[in-house]
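What follows is a single structure, written as structure tokens, with notes after it.
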Amino acid sequence: MIDKKLIEYVASLSRLELTRDEEEMFMNQLTDILSYIEKLRKLNTEDVKPMAYPLNKSNVFREDKLCPSTSKEEILANAPAKIDAFFKVPKVIE
Amino acid sequence: MEYEVVIGLETHAELSTLTKLFCGCSTKFGVEPNTQVCPVCLGMPGVLPVMNKKAFEYSLKSALALHCEINKFTNFDRKSYYYPDLPKNYQISQNYYNLGVNGYMTIEVNGSTKKIRIHNVHLEEEAGKLIHPEEIGTNYSLVDFNRAGVPLLEIVSYPDMRGVDEVDSYMQTLRKILLYMDVSDCKMQEGSLRFEASISLREKGSDKLGNRVEIKNLNSMKAVIKAIEYEVGRQSKLLDRGETVARETRLWDAVTERSERMRSKEEAQDYRYFPEPDLLPVLIDEKWLHEIKGTIPELPLDRKLRFVEVFKLSDYDSGILTEEKVFADFFEECVKILNRPKAISNWIINDLLREVKDRKLDIHNLPIKPKQLASLIEIIEKGTISSTIAKEVFSEMIQSGKNPHAIIEEKKLAQISDESLIESIIEKVIATNPEAIEDYKKGKKNALSFLMGQVMKETKGKANPKIVNELLKGKVGV
Ligand SMILES: [Zn+2]
């Protein structure tokens with residue numbers, strides 16, 4: 001059951017600030033999704049193996065070979081705030 | 001009341017691959033911030049991570065060395081948490097099918113061995129590095145993502161340790177194993193090896209576990225030990241007063257040597273693991289396992305015990321020789337050439353290690369080869385040079401990388417064994433020191449060693465001491 005408390009909790013885990021309307025909207029949307037999944041649960045899946053991957057493939061690797069990195073300028077171009085070569089973020093410890 | 005201390009350790013080791021876990025960015029330490037970053041390790045939308053085979057194999061190798069059962073099917077999961085050092089807001093890790101489970105590592109404490117069980121070994125990606133400017137009043141932190149995506153091996157022990165001695169041995173042993181296998185450089189000062197401890201106390205004799213406290217921010221092995229000692233004191237005081245120990249995470253402060261409770265907000269753990277859809281699972285067959293097993297060298301403790309048994313070295317000497325794989329290898333190479341394990345061990349421990357320390361030599365690029373040390377020992381045993389001169393030759397070998405024969409020839413250091421030559425020197429020494437002869441005749445036995453010393457001085461230490469001694473005794477009439 002998706003209630004307001006759960007929405008608030010999930011939003012706080014994701015560091016999201018939601019308006020009242022948004023809380024209401026997500027509550028309805030997530031409830032719809034979960035009730036659809038409830039419907040799926042009624043199917044008999046006894047002989048069906050759980051599937052986490054859509055492809056029937058495994059063991060895909062790359063060799064430990066260097067590739068050029070992106071330039072510092074390009075990397076920092078999207079940063080909302082920076083100092084020298086660093087990304088600048090709100091203080092995270094006290 | 002008397003308590004039993006119950007300790008478990010979580011270890012993180014950065015794997016020493018050339019590139020990151022999911023992209024081709026370099027893992028080099030200490031370069032300019034944000035210069036070893038690309039859209040993959042920065043978690044840009046639409047990018048696809050691809051697993052570094054070497055990192056996976058290093059993890060497999062480590063899990064096998066720790067006697068783990070290997071999951072034939074293993075995959076990766078997203079561990080969701082929001083922190084500025086994590087560009088994707090999730091860390092690719094393993095949760096449901098760890099690479100290795102139910103292993104153990106044998107440690108040695110006060111001469112006896114103990115098995116510490118390993119709960120699991122798994123592979124994950126490193127986070128970036130946060131820098132907190134120290135100036136008071138700054139309201140920001142800085143992020144360097146060079147480290148983000150570096151392969152990180154996590155090794156989780158069971159709470160099988162019962163005191164700091166065992167913890168110390170566990171850390172040292174694990175470090176040595178990782179170094180022996182060349183899977184991590186284990187530099188704690190660079191953060192490539194890190195420990196977190198969980199500690200609880202229980203009444204002696206009880207088998208009920210007490211509330212567990214986790215300690216983070218342990219930057220050296222010394223800090224781990226100190227933090228545990230502090231925590232044991234703190235918990236026993238609480239229990240003595242009849243209070244309960246809160247289950248919490250505490251941060252160690254190496255300066256004040258105290259720990260403090262982490263704020264509950266940071267503590268909230270709800271990682272919502274789910275399979276990482278961008279990576280395919282890995283299936284491990286017997287053939288691959290067999291291949292990896294073949295790359296695991298003899299591990300340090302086994303090697304030490306073998307040195308004691310096979311070469312009849314002391315436990316202490318074997319411990320020093322096997323401390324670093326390089327020297328254990330050097331020792332065995334020497335023994336293969338010249339079967340004098342005791343002499344070789346002495347030279348390595350007393351002389352080679354000292355030179356390495358004094359001259360800060362790169363142990364992976366030693367100026368002396370096993371063959372050269374073996375021939376030096378051979379020369380000493382033949383009596384060509386004395387052991388005093390040998391020290392001089394050895395030091396020269398380290399400096400120049402030359403063969404001992406060449407140095408002895410160049411510097412004319414070969415021992416003088418020519419009796420008539422030695423005799424003439426003895427006569428000269430006696431003639432210039434008549435009082436010593438008098439003293440000797442009066443019964444001062446040490447006058448003989450004085451004369452011996454004079455002869456050695458005359459010959460710059462090159463006279464064969466055995467011959468000098470015999471001839472001298474003849475001259476003074478013993
Ligand atoms: Zn990258």
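The values are calculated or read from the model by the stated rules, or taken from the named source; none is laboratory data. Keep in mind the model is a prediction, meaning the values are calculated, not measured. Here the Cβ is made from the backbone with ideal geometry for all residues, glycine too, and neighbour counts use every protein chain on show.
For this structure, a couple of remarks:
- The requirement of being aromatic (Phe, Trp, Tyr), free of Cβ contacts under 8 Å to residues at least 60 places away in the same chain and closer than 23 Å to B:GLU10 by Cβ is not satisfied by B:TYR140.
- Leading residue by the ranking (farthest from the ligand (Cβ to nearest atom)) among those in the range B:24-35 that are farther than 17 Å from A:ALA79 by Cβ and at the interface with chain A (Cβ under 7 Å from one of its Cβ atoms): B:SER26
- Residue within the range B:217-238 that is in contact with a Pro (Cβ under 9 Å, 6 or more places away or on another chain) and crowded, with 17+ Cβ neighbours inside 10 Å present: no
- Some residue of the range B:151-166 being within 16 Å of the ligand (Cβ to nearest atom) and not assigned by TED's automatic domain parsing to the domain that holds B:LYS325: yes
- Scanning the range B:301-313 turns up no residue that is touching a helix residue (DSSP H, G or I) at 6+ places or on another chain (Cβ under 9 Å), on the phi > 0 side of the Ramachandran plot and in the same structural domain as B:VAL47 (by TED's automatic domain parsing).
- Residue within the range B:36-56 that is away from the ligand (no atom under 16 Å from the Cβ) and crowded, with 21+ Cβ neighbours inside 10 Å present: yes
- Qualifying residue in the range B:146-160 (condition: small (Gly, Ala, Ser), within 14 Å of chain A (Cβ to nearest Cβ) and out of contact with any strand residue (DSSP E or B) (no Cβ under 9 Å at 6 or more places or on another chain)): no
- One residue alone among B:LYS79, B:LYS115 is part of a strand (DSSP E or B), within 14 Å of another protein chain (Cβ to nearest Cβ) and away from the ligand (no atom under 16 Å from the Cβ), and that residue is B:LYS79.
- Matching residues in the range B:172-186 - criterion: being β-branched (Val, Ile, Thr) and over 20 Å from B:PHE56 (Cβ atoms): B:THR173
- So B:ALA13, is it in a strand (DSSP E or B), away from the ligand (no atom under 13 Å from the Cβ) and under 30 Å from the mean Cα position of the chain (by Cα): yes
- Helices (runs of 4 or more DSSP H) within the range B:272-342 that include 2 or more residues loosely packed, with under 15 Cβ neighbours inside 10 Å and of a type in the set (Lys, Arg): B:286-293
- Verdict on B:LEU86 being within 26 Å of B:ARG272 (Cα to Cα), within 16 Å of the ligand (Cβ to nearest atom) and either assigned to a helix (DSSP H, G or I) or not small (Gly, Ala, Ser) (or both): yes
- Only helices (runs of 4 or more DSSP H) whose full extent lies in chain A are considered here, and the ones with at least 3 residues that are out of contact with any Lys or Arg (no Cβ under 8 Å at 6 or more places or on another chain) and more than 16 Å from the ligand (Cβ to nearest atom) are A:4-13, A:20-41.
- Summed over the range B:376-407, the residues that are within 36 Å of the chain's Cα centre (by Cα), touching a residue at least 24 places away in the same chain (Cβ under 8 Å) and either farther than 23 Å from B:ASP358 by Cβ or part of a loop (DSSP other than H, G, I, E, B) (or both) give a count of 8.
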